[in-house]
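Here the structure is laid out as structure tokens; the discussion comes afterwards.
The values are calculated or read from the model by the stated rules, or taken from the named source; none is laboratory data. Just so it is clear, the structure is predicted and the values come from calculations on it, not from any experiment. Here Cβ is always computed from backbone atoms with ideal geometry, including for glycine, and neighbour counts include all displayed protein chains. Heavy atoms of the whole protein, side chains included, go into the accessibility calculation; ligands, DNA and RNA do not. Shrake-Rupley method; radii C 1.70, N 1.55, O 1.52, S 1.80 Å.
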Amino acid sequence: MLPRVLEPEVMDTLEEATDYDQMDHSGVNRAFVADLLAAGPVPGDLLDLGTGTAQIPILLCEQTDDCRVFAVDMSVSMLDQARYNIEIAGLIERIFLQQIDAKKTPFADNLFDSTVSNSIVHHLPDPVAAIREAVRVTKPGGRIFFRDLFRPETDAEVEQLVQTYAGRENEHAQKMFDDSLRAALRVDEFQAIVAELGFDPGTVAATSDRHWTWNAIKPEI
């Protein structure tokens, strides 16, 4: 079984932001938004932790008129690209960007109707603080929807996934995906984290050949 190999927490170079934005995430992003909307309505204010270049908030706002998105990331380069993407999409009045550490946000308790994240967990050496923040800032009865990669068991599986899903990308993009797979948590490792925070570990499940999803409702007070 492969050990977890950490990658940098913040992807903050222009090359990383550009290559990430140009990679074909369309299928993954469409699936994320479709599954989020299938889980239930997302009206009101939604927080997106680790938004990257804001591809998912843009897609979400294009498919529903019911929400505003507060999209945060630590990377200035990612947010610069996100700002451009949002302007091109004509969504500057519905998607709001801030440079914020997901592990320690300035937001009040119970502020957001929903909190979501795609692929932030594998960047964090210890994800518990970010997960605890997501729970804290979500309103009771609000949805928490996280998705990320899970770590394969062998080098051969990593290589196969890289070739299958990033084989047409440039060498740097392939290396980023390889690093992300090796930095990811296994399903059982993330189940242990949510259980520690009082959630049913069964709310975390593998939902593709490389992703797990945590879909939970914050308990009412």
Loop-located GluC sites (Glu not before Pro) in the range 55-102 whose Cβ has at most 13 other Cβ within 10 Å (DSSP): E93
Carbon and sulfur: what percent of the range 14-218's accessible surface (1.4 Å probe)? 49
Considering only DSSP states other than H, G, I, E and B, which trypsin sites (Lys or Arg not before Pro) in the range 103-132 qualify as loop sites with at most 15 other Cβ atoms within 10 Å? K104
Where nothing but the Cβ of Lys and Arg (+1) and of Asp and Glu (-1) is charged, how large is the charge dipole of the range 32-80 around its Cα centre, in debye to the nearest 20? 60
Helical mean residue ellipticity (222 nm; -39500 (n - 2.57) per DSSP H run of 4+; nearest 500) of the chain: -12500 deg cm²/dmol
Hey, which lysines would be in cross-link range of K104, C-alpha to C-alpha under 24 Å, not counting anything within fewer than 8 residues on its own chain? K139, K218
Can you give the accessible area per residue of the chain, in Å², using a 1.4 Å probe? 47
Amide H neighbours of F112 at under 5 Å, excluding residues fewer than 5 places away on the same chain, with H built from the backbone geometry, are T138, K139
Which residues qualify? For G142, with a placed amide H closer than 5 Å and at least 5 residues away or on another chain, they are K218
If you take the square roots of the eigenvalues of the alpha-carbon gyration tensor of the range 14-218 and sort them as a ≥ b ≥ c, do you get rounded (a/c under 1.5), prolate (a/b over b/c) or oblate? oblate
Which value, in debye to the nearest 20, gives the size of the charge dipole of the chain about its Cα centre, when Lys and Arg are +1 and Asp and Glu are -1 at the Cβ? 600
Using a 1.4 angstrom probe on the protein heavy atoms only, line up L60, L111 by accessible area, largest first. L111, L60
Using a ≥ b ≥ c from the Cα gyration tensor of the range 62-158 (square roots of the eigenvalues), is it rounded, prolate or oblate, where a/c under 1.5 gives rounded and otherwise the larger of a/b and b/c decides, a/b for prolate? oblate
